[in-house]
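Participant: Shown below is the structure under consideration.
Every read-out reported here was derived from the displayed coordinates using simple, explicitly stated rules and does not represent laboratory data. What you are looking at is a predicted structure, and each value in this text was computed from that prediction instead of being measured. Note that each Cβ is placed from the backbone with ideal geometry, even for glycine, and that neighbours are counted across all protein chains shown.
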């Protein structure tokens, strides 16, 4: 088993509880760790034997841009569900950061970190 990591992918989405966030949107950053059997790719040196991270990036973009979520937990959970449904991986960890949160106080971002194994989550995602 090996781990493929995609760091600090940036997307724009319209997620949050408040109307301002839903209307104006904001920047979201995603770190992703995916675990899968890398032996076939190590032997073949062929992209068909591994996880195509271009496809993964497009899938995450689709989840983030095609619906408005109130909670980061729901958004991160749907990213996991989509990955398990569409990509041949055994385990994944998603770290999702929301930049520029409309909260009184000073900090860089708010982040949730979720992980799961294939078969643990309902494979349906919307």
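Participant: Rank-order 88-94, 113-119 by packing density, defined as the average count of other C-beta atoms within 10 Å over each peptide's residues, highest first.
Facilitator: Listed from highest to lowest mean packing, they are 88-94, 113-119.
Participant: Against the empirical 2.2 N^0.38 Å scaling, what ratio does the C-alpha Rg of region 2-117 come to?
Facilitator: 1.15
Participant: If one computes P(r) from the Cα atoms of region 2-51, what percent of pairs lie at distances over 13 Å?
Facilitator: The calculated P(r) of region 2-51 puts 68 percent of pairs beyond 13 Å.
Participant: For every helix of n ≥ 4 consecutive DSSP H residues, a contribution of -39,500 (n - 2.57) applies; sum these over the chain, divide by its total residues, and give [θ] at 222 nm rounded to the nearest 500 deg cm²/dmol.
Facilitator: -9500 deg cm²/dmol
Participant: Related question: Quick one: helix 72-86 against the long Cα principal axis of the chain, what's the angle to the nearest 10°, folded into 0 to 90?
Facilitator: So the helix axis and the longest Cα principal axis differ by about 20 degrees.
Participant: A follow-up question, please. With just the Cα atoms defining each centre, how far is region 55-126 from region 16-50? Give it in Å.
Facilitator: 9
Participant: Next question. Determine the relative contact order of region 2-117: mean sequence separation of Cα pairs under 8 Å and six or more apart, normalised by residue count, in whole percent.
Facilitator: Relative contact order of region 2-117: 29 percent.
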